[in-house]
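The values are calculated or read from the model by the stated rules, or taken from the named source; none is laboratory data. Just so it is clear, the structure is predicted and the values come from calculations on it, not from any experiment. Note: ideal-geometry Cβ built from the backbone for every residue, glycine included; neighbour counts use all protein chains shown. Accessible surface areas use protein heavy atoms only, side chains included; no ligands, DNA or RNA. Shrake-Rupley method; radii C 1.70, N 1.55, O 1.52, S 1.80 Å.
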Amino acid sequence: MIFFLLCKNSFQKNITMEKSDRQVIKSIVLSEFGSDGPIPVIYWPKSLEKRAGLLISMKTISLLMGDSTYQDSSEINGINYFGVIPFPDLKLTGLTYFFLIPDPKARGNAKAATITILVDEDNKNFLYENMKYLRVIIDRTATKIQETLDKIKYQQYIDALKEELNEFTIELKDPFSLKRKIKIVFVGLDKAGKTSFLYGVKKKYSEIIKSMPTKGVNRSEEELISQKNSEIMIWDLGGQQKYLDKYFEQSKLYLYNIDLLFFFIDIQDQKRFDQSLALYRNVIRSLNDFDEFPPIVVCLNKYDPDLQNSEETNQHYQYLYEKIKDLSDRFFVKIFKTSVFTQWSLMVAYSFGLGQLSPNRELFRQQLKQFAKKTSIESILLLNENGIIISNYSHDDTQEKVFEISAPHFQTLYKTFKEFKLLKKDYIVSLSINDSKKMVFKRIKVQKYTLYLLLLLEIDTSIDKIEQNLPDLSDNLVELVNTYI
Ligand SMILES: Nc1nc2c(ncn2[C@@H]2O[C@H](COP(=O)(O)OP(=O)(O)OP(=O)(O)O)[C@@H](O)[C@H]2O)c(=O)[nH]1
Ligand SMILES: [Mg+2]
């Protein structure tokens, strides 16, 4: 933290460009956690101000590791993920890859490292739009760095990275587009419950009752955190046969350029399972033809609370689960049981899907994990104002599940208490759980956003301990929240 303050100054004028203004990528920095802390090992351009390089190293590495110095590689073992990080003082935004370099001399036999490529903050959309390509290119460089023992080669690898990125951007039609346009598509047979799901997510219950079959496509906008940089459009495709035919005939319009796909199957409608799966197969085929592989969330829907113990329904679930997995070959697919009667089930599936759109989801999780460690919290979950789960972290899966189910209830309670002016503080604490644990639901302000934390902790952990560590968490989240999507 102290370092950030020291470095706060305006350096951007010192970052000169080697070529023309058309160059999108302004700088590349390879950082390492050296014996004196994070330092830029290799950077481009050569004219990059020393303190700017140091700021980039400090910030990226400390987001990776928290305030604690890097001492135990088991803590961050298996770390390799991306994040989009703003550097307002430099008027730059970076795409950072976090990874470890094996080093027998370092504690834990590895050193934390980051590769950051930077663009003008006004061009940050370039990073989002081209994320999947940039990730591949940077990942390759990181692997080369991890594999060599010869540090002299680092320069050569970063030069090659610069060249490759340069070639990549030259081929792009418009690297300077201003808004990230995200397309989320809902597909499934008619009456599968797509429109109801979307109303349910927004808690527009009265609309669910009135809901009519969707004619053609219903487009709506989603606002997750900040709408400044992105526009999230949801396409709810009516599922009647006459419309389905049209989507495939004009697939370039409907099924092209999808960032996230929700696919719905009515788990109560056994007669139409095969028809549903045939539709799924066709959608997969069409995506394959376009060479596009968006993440897919499959909702086995109408899994109503009263059916949860039904043997038959669970057999159907198993059947559909396996069929879907079989059909989804090259895709990242996650399958959920959902019902409009359990609002949390909608939120869990919906949040998971939206989370896939964020390049910072791992970074958020890492922040929650660090906070949890410092405060001896077992489980932690971060919600936005609308009950969408931004991130969570938990020691075990069962707890995570319980948390996802409990969170909306706590949020409702919190808002109710607040409305009736029963809250003196900005948190509520549950009764003891199992005589040893308690839950705390707390509102936090992160910049202009109101977010909520649900925490599971030892019964005798004081709320003060949480409060003491919150400012650090909020500070780090401020940095990340604006680049969440
Ligand atoms: N039991 C049960 N019924 C549901 C659920 N979700 C939706 N429904 C009902 O299923 C019917 C169809 O829901 P819609 O949301 O209109 O379905 P859709 O997939 O949008 O249908 P199309 O617009 O024709 O493609 C409505 O009567 C809903 O009330 C659910 O989770 N459980
Ligand atoms: Mg509909």
How long are the semi-axes of the equivalent ellipsoid of segment 81-130, defined as square roots of 5 times the Cα gyration tensor eigenvalues? Whole Å, largest first. 28, 11, 6
Please figure out what share of the DSSP beta bridges in the chain is antiparallel and state it in percent, rounded to the nearest 5. 75
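Calculate for the chain the 222 nm mean residue ellipticity that helices alone would give, adding -39,500 (n - 2.57) per DSSP H run of length 4 or more and normalising by residue count, nearest 500 deg cm²/dmol.
Values: 16 runs with 199 residues, N = 485.
Calculated at 222 nm, the ellipticity per residue is -13000 deg cm²/dmol.
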For segment 338-485, what does the accessible surface come to per residue with a 1.4 Å probe? Please give it in Å². 43
Please compute one quarter of the surface area of the Cα convex hull for segment 180-355 and express it in square nanometres. 9.8
What full-extension length gain, to one decimal in nm, is calculated for Asp245 and Ile137 as 0.36 nm per residue of separation minus the Cα-Cα distance? 35.0 nm
Taking Cα atoms, how many degrees apart are the long axis of helix 361-375 and the longest axis of the chain, rounded to 10 and kept between 0 and 90? 80
Would you mind checking which residues have amide H under 5 Å from Asn360's amide H? H placed 1.01 Å from N; only 5 or more apart, or other chain. Val84
Below 8 Å between Cα atoms, with a sequence gap of 6+, how large is the relative contact order for the chain in percent? 11
Over segment 86-134, what is the mean sequence separation of C-alpha contacts under 8 Å (at least six apart), divided by residue count, expressed as relative contact order in percent? 37
Cβ-defined net charge surrounding Lys183, 14 Å radius [Lys, Arg +1; Asp, Glu -1]: -2
So for the pair Glu167, His409, with labels modelled 7 Å out along Cα→Cβ, what separation do we get in nm? 5.7
With +1 on each Lys and Arg Cβ and -1 on each Asp and Glu Cβ, and nothing else charged, work out how big the dipole of the chain is about its Cα centre, in Debye to the nearest 20. 1000
Spelling out what I want: for every residue of segment 396-411, take phi, set θ = phi - 60°, compute 6.51 cos²θ - 1.76 cosθ + 1.60 (Karplus), and round to whole Hz; glycine and proline get x. 9, 5, 5, 4, 4, 4, 4, 5, 4, 6, 6, 3, x, 5, 4, 5
D for the chain, whole µm²/s, Stokes-Einstein with Kirkwood Rh over alpha-carbon pairs at 37 °C and 0.692 mPa s: what number? 135
How much of the accessible area of the chain, in percent, comes from carbon and sulfur atoms when a 1.4 Å probe is used? 50
What number results when the radius of gyration of segment 240-286, computed over Cα atoms, is divided by 2.2 N^0.38 Å? 1.20
Rounded to a whole number of µm²/s, how large is the Stokes-Einstein D of segment 176-284 at 10 °C and 1.306 mPa s, given Rh as the Kirkwood radius over C-alpha pairs? 107
Can you compute the equivalent ellipsoid semi-axes for segment 391-485, i.e. the square root of 5 times each eigenvalue of the Cα gyration tensor, sorted largest first and rounded to whole Å? 21, 18, 15
Just grab the label-to-label distance for Gln270 and Glu312, each label 7 Å out from Cα along the Cβ direction, in nm (one decimal). 0.5
In degrees, nearest ten, helix 131-147 long axis to first principal axis of the chain (Cα): 50
Kirkwood-based Rg to Rh ratio, segment 335-437, C-alpha trace: 0.97
Restricting to bridges with both residues inside segment 180-355, how much of the DSSP beta-bridge set is antiparallel, in percent to the nearest 5? 20
Using the Karplus curve 6.51 cos²θ - 1.76 cosθ + 1.60 with θ = phi - 60°, work out ³J(HN,Hα) for each residue of segment 23-40 in order, rounded to whole Hz, and write x for Gly and Pro. 6, 6, 7, 9, 6, 9, 9, 9, 10, 9, 8, x, 5, 9, x, x, 9, x
Could you check the spin-label model distance between Glu147 and Asn218? Points 7 Å from the Cα along Cα→Cβ, value in nm. 5.1
Treating the angle as unsigned and between 0 and 90°, give the value, to the nearest 10°, between the Cα long axis of helix 311-327 and the longest Cα principal axis of the chain. 50
For segment 361-481, what's the relative contact order in percent, using C-alpha pairs closer than 8 Å and at least 6 residues apart? 28
Formal net charge of residues neighbouring Thr450 (Cβ-Cβ distance under 9 Å; K, R +1; D, E -1): +2
